[in-house]
Structures are given as C-alpha cells and as structure tokens.
Amino acid sequence: MKHHFFAYVSRLRYIRRWGLMRSVMPENDAEHSLQVAMIAHALAIIGRDTYGREVNPEHVLALGVYHDVSEVITGDMPTPVKYQTDELRRSYKDVERMANERLLSMLPDGMRPAYIPYLSVPEDYDRQLIKAADSISAYLKCLEEKRAGNREFDAAGESIRKGLSQIELPEVQDFIREFIPSFELSLDELNQPTGR
C-alpha cells in the first residue's frame, strides 16, 4: 500500500502566505515553518537553560516543523478572517483538526502514534512557544518587507509587535531583545565584529 503523507506535506512550498498583501518577497508555508521551528527551538533552549523550564527543545523543533501542515489541505486563510469572531475561530480550529486527521490517515498504522503529538498539539507550554515563534516569524516578515520599501506590512508589523510585547514569557522577550535587531541589518553590517 502506498502512503501519501510526505507527498502532501511537501506541498507546503506551494501554499503562499500573506495572500491579501502585496509582497516584495513572496513567502510560502515551507519557508515559514522552517523559520518557526528554528525560533521555537531557540525559545525552548532559552526557557530550559535560563529559566529552568522542563521542555524538550527537539520536540518543540518538530512541533514548529508541523505547526501549519494542515494548510496543505485547508490553504492559508488570512488571519483577519479566521479570527474575526469566536465562531469563525472555533470553526477554523475544527477544519484544522479534520485536515490533520486526514493527514494522519495517510501514514502507515505503525507510524501514526508517533505523529499524533505533532498534528494535535495541546494548549500547553510547548504550544505557547510555537505561537510565540509563529508571531515572531510574522513580525520578521513585516520587517523584511519594510526594509525593501514596502509599506503594505506597516500596520501588520505594528500590531504584531504590540502583541509580542504582551507575551509574558521571559524567554520570548529575551529572544526579541537579543536577536530581532540583527534582522534590520544589511549583510555588511552583520559581518562587522559584534564587540563581545
């Protein structure tokens, strides 16, 4: 029997993000998922090593890789639409759950249990890290567009920045303070000694 899970997941690269916005640099779900995974992994390491959290950074990394995988079936619904009302938010969560269940059904029976934690993430600390990493990634996209002279993302960037400032996890604020400023530098500036 043939299993379609990985063929479907590989289609993340065809799912365009920010569909309602004019982008100078288009972004797809595969690129976004990689960035979210790397950021979430770093947040987990900071949480574990600096704040004594009980967390497995490699598990969080995998959660980040798969966090938007349902979109290979649902597509990327614009945030203002899916979060417009509580009813829409609940309905979209149901659609995501059904899409993830369909994807799980594309795995061999023996592999399904290993993937359930990645496609049905409970609302816990790990999920908080994924949500924060997702928001950080979105903010970085807004910064990238701004640097390219595109004002289309200005309002979104400001809104996301305000939301990030309200996240009470110190590991998130540490990441923002320590790493975000570098995203506003040119390659020449990044190559300068840091003076540490």
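Rank GLN166, LEU140, ILE15 by how far each Cα sits towards the positive end of the charge dipole of the chain (+1 on Lys, Arg Cβ; -1 on Asp, Glu Cβ) and give me just the farthest.
After comparing all options, I get ILE15.
Taking amide hydrogens as modeled 1.01 Å from N in the peptide plane, which residues meet the under 5 Å criterion relative to ASN28, leaving out close sequence neighbours?
Placed amide hydrogens put ARG17 under 5 Å from ASN28.
Which of the three applies to region 108-196, rounded, prolate or oblate, going by the alpha-carbon gyration tensor with a ≥ b ≥ c and a/c under 1.5 meaning rounded?
prolate
Which value, in debye to the nearest 20, gives the size of the charge dipole of region 35-91 about its Cα centre, when Lys and Arg are +1 and Asp and Glu are -1 at the Cβ?
100
Which percent of the accessible heavy-atom area of the chain goes to carbon and sulfur, probe 1.4 angstrom?
Carbon plus sulfur share of accessible area: 53 percent.
Counting only heavy atoms of protein chains, what accessible area per residue, in Å², does the chain have with a probe of 1.4 Å?
The answer is 60 Å² per residue.
How much mean residue ellipticity at 222 nm does the chain get from its helices, if each DSSP H run of length 4 or more adds -39500 (n - 2.57) and you divide by all residues, to the nearest 500 deg cm²/dmol?
-19000 deg cm²/dmol
Shape call for region 83-134 from the C-alpha gyration tensor, a ≥ b ≥ c root eigenvalues: rounded (a/c under 1.5), prolate (a/b greater than b/c) or oblate?
Judged from the Cα gyration tensor, region 83-134 comes out oblate (a/c at least 1.5, b/c at or above a/b).
Report ³J(HN,Hα) in whole Hz for each residue of region 24-30, in order, from the Karplus equation J = 6.51 cos²θ - 1.76 cosθ + 1.60 where θ = phi - 60°; Gly and Pro get x.
Values per residue, Gly and Pro as x: 6, 10, x, 10, 10, 5, 5 Hz.
How many angstrom lie between the Cα centre of region 58-131 and the Cα centre of region 135-161?
For region 58-131 versus region 135-161, the Cα centre distance is 24 Å.
Identify which of SER137, SER23, SER165 has the largest mean-square fluctuation in a Gaussian network model of the chain, with springs joining Cα atoms closer than 10 Å.
Per the Cα network of the chain with a 10 Å cutoff, SER165 tops the list.
With only Lys, Arg, Asp and Glu charged, each at its Cβ (+1 for the first two, -1 for the last two), find how big the charge dipole of region 15-137 is about the Cα centre; round to the nearest 20 debye.
220
With the Cα gyration tensor of region 21-118 giving a ≥ b ≥ c as the square roots of its eigenvalues, does the rule (a/c under 1.5 for rounded; else a/b larger than b/c for prolate; else oblate) give rounded, prolate or oblate?
Judged from the Cα gyration tensor, region 21-118 comes out oblate (a/c at least 1.5, b/c at or above a/b).
Once you list every other residue whose beta carbon is under 10 Å from the beta carbon of ARG48, what net charge do they have if Lys and Arg are +1 and Asp and Glu are -1?
-2
Compute a Gaussian network model of the chain, connecting alpha carbons closer than 10 Å, and tell me which residue from ARG147, ARG17, ARG161 fluctuates the most.
ARG147
Lysines within cross-link reach of LYS131: Cα-Cα under 27 Å, excluding same-chain residues under 8 positions apart?
LYS82, LYS93, LYS141, LYS146, LYS162
Taking the Cα atoms of the chain, report the difference between the largest and smallest coordinate on each principal axis, in whole Å and largest first.
Ordered largest first, the chain gives principal extents of 57, 41, 34 Å.
The values are calculated or read from the model by the stated rules, or taken from the named source; none is laboratory data. Since we're looking at a predicted model, the values are computed, not measured. Neighbour counts run over all protein chains shown; Cβ positions are idealised from the backbone, glycine included. These area figures cover heavy atoms from the full protein model, side chains too; ligands, DNA and RNA do not enter into them. Shrake-Rupley method; radii C 1.70, N 1.55, O 1.52, S 1.80 Å.
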